[in-house]
Amino acid sequence: MEKQDFINKIAGYVKKYAAAYGISVHSPIIAQAVLESGWGGSRLAAVYHNYFGLKCGTRWAGKSINLKTMEEYTPGTLTQIKDNFRVYDSMEEGVKGYFDFIRPERYRNLKGITDPAAYLETIKADGYATSSKYVENIMGIVSQYDLRQYDVKEEKGIIPGYAAERAGDAAGSGAENAAAVAKEVIAGVWGNGEERRERLESAGYDYQAVQEQVNGLLRESVKC
């Protein structure tokens with residue numbers, strides 16, 4: 001796969017899922033995938049669709065693979081270990097898996113960050129990576145490939161790439177926006193129950209308006 005094709009594919013999936021998890025910046029995540037997977041060429045990425053080096057941890061109940069990896073527990077000293085990594089069935093699942101990985105309380109401070117360097121410094125401090133040059137290396141990729149162009153820019157209360165109107169804003173047609181994001185809700189992008197409410201509201205969306213549209217769409221599908 002050509003580098004730009006890889007960027008475009010990863011960026012598309014990041015755009016699809018980020019807002020549902022309260023993440024407001026895309027460029028560092030795209031760059032993480034580039035670095036961690038070697039442009040999708042590593043065995044972990046090419047065979048197992050894990051583009052972010054996501055380890056199983058204690059919460060993972062899905063498929064896994066045991067592979068060698070390098071960790072920098074002491075600055076400047078690399079240590080080879082073997083660890084269990086998460087396995088996914090597609091690139092899209094692998095990208096969504098990244099957002100599931102950073103959903104726990106440990107990474108909650110990532111929500112709302114809009115500066116790529118701040119995002120990377122925060123996620124590293126949270127324990128995501130051990131490399132002392134992690135932020136520097138990722139930001140180098142962001143700059144070299146102009147990945148800031150993929151970052152979310154809000155205009156008139158609307159987040160480009162997503163249909164929902166931010167709560168409290170009057171721009172655009174709220175009904176039309178809610179109807180569009182309702183389709184994503186039905187597709188499972190935003191989770192269920194209280195988790196759904198939390199994600200929608202943390203992203204600035206009108207939960208009640210969206211839920212009404214969801215109920216309407218479901219009623220229409222029953223009629224058909």
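Listed values, structure above:
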read-out	value
Selection within region 53-85 - in contact with a strand residue (DSSP E or B) (Cβ under 6 Å, 6 or more places away or on another chain) and of a type in the set (D, E, K, R)	Lys55, Lys68, Glu71, Glu72, Lys82, Asp83
Counted residues, region 128-142 - those being modelled with pLDDT under 95 and either of a type in the set (A, V, I, L, M, F, W, C) or closer than 15 Å to Pro116 by Cβ (or both)	3
Subset of region 100-135 that is touching a helix residue (DSSP H, G or I) at 6+ places or on another chain (Cβ under 6 Å) and of a type in the set (Phe, Trp, Tyr) - its residue that is farthest from Arg199 (Cα to Cα)	Tyr134
Any hit, region 74-96, residues being surrounded by 16 or more Cβ atoms within 10 Å (Cβ to Cβ), in contact (Cβ under 8 Å) with a residue 60 or more places away in the chain and assigned to a loop (DSSP other than H, G, I, E, B)	no
Failed item, numbered, when Glu176 is tested on (1) modelled with pLDDT under 75; (2) buried (at least 16 other Cβ atoms within 10 Å of the Cβ)	(2)
When residues of region 36-53 are limited to those that are part of a loop (DSSP other than H, G, I, E, B) and of a type in the set (A, V, I, L, M, F, W, C), the one nearest to Tyr13 (Cα to Cα)	Phe52
Residue match in region 107-127 (condition: assigned to a helix (DSSP H, G or I), more than 30 Å from Leu200 (Cβ to Cβ) and either in the same structural domain as Gly191 (by the TED database) or modelled with pLDDT under 95 (or both))	no
Number of positions in region 38-52 that are within 19 Å of Pro116 (Cα to Cα) and modelled with pLDDT under 95	0
Candidates Gly112, Gly62, filtered to the one that is of a type in the set (Gly, Ala, Ser), touching a residue at least 12 places away in the same chain (Cβ under 8 Å) and within 16 Å of Ser27 (Cβ to Cβ)	Gly112
Criterion (within 17 Å of Tyr119 (Cβ to Cβ) and among the charged types (D, E, K, R)) met by exactly one of Lys3, Lys9, Lys15, Lys68	Lys15
Residue among Glu105, Glu136, Glu121 that is farther than 22 Å from Arg86 by Cβ, surrounded by fewer than 13 Cβ atoms within 10 Å (Cβ to Cβ) and out of contact with any Asp or Glu (no Cβ under 7 Å at 6 or more places or on another chain)	Glu136
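The values are calculated or read from the model by the stated rules, or taken from the named source; none is laboratory data. The structure presented is a predicted model; accordingly, all values stated were derived computationally and were not measured. Cβ: placed from backbone, ideal geometry, glycine included. Neighbour counts: every protein chain shown.
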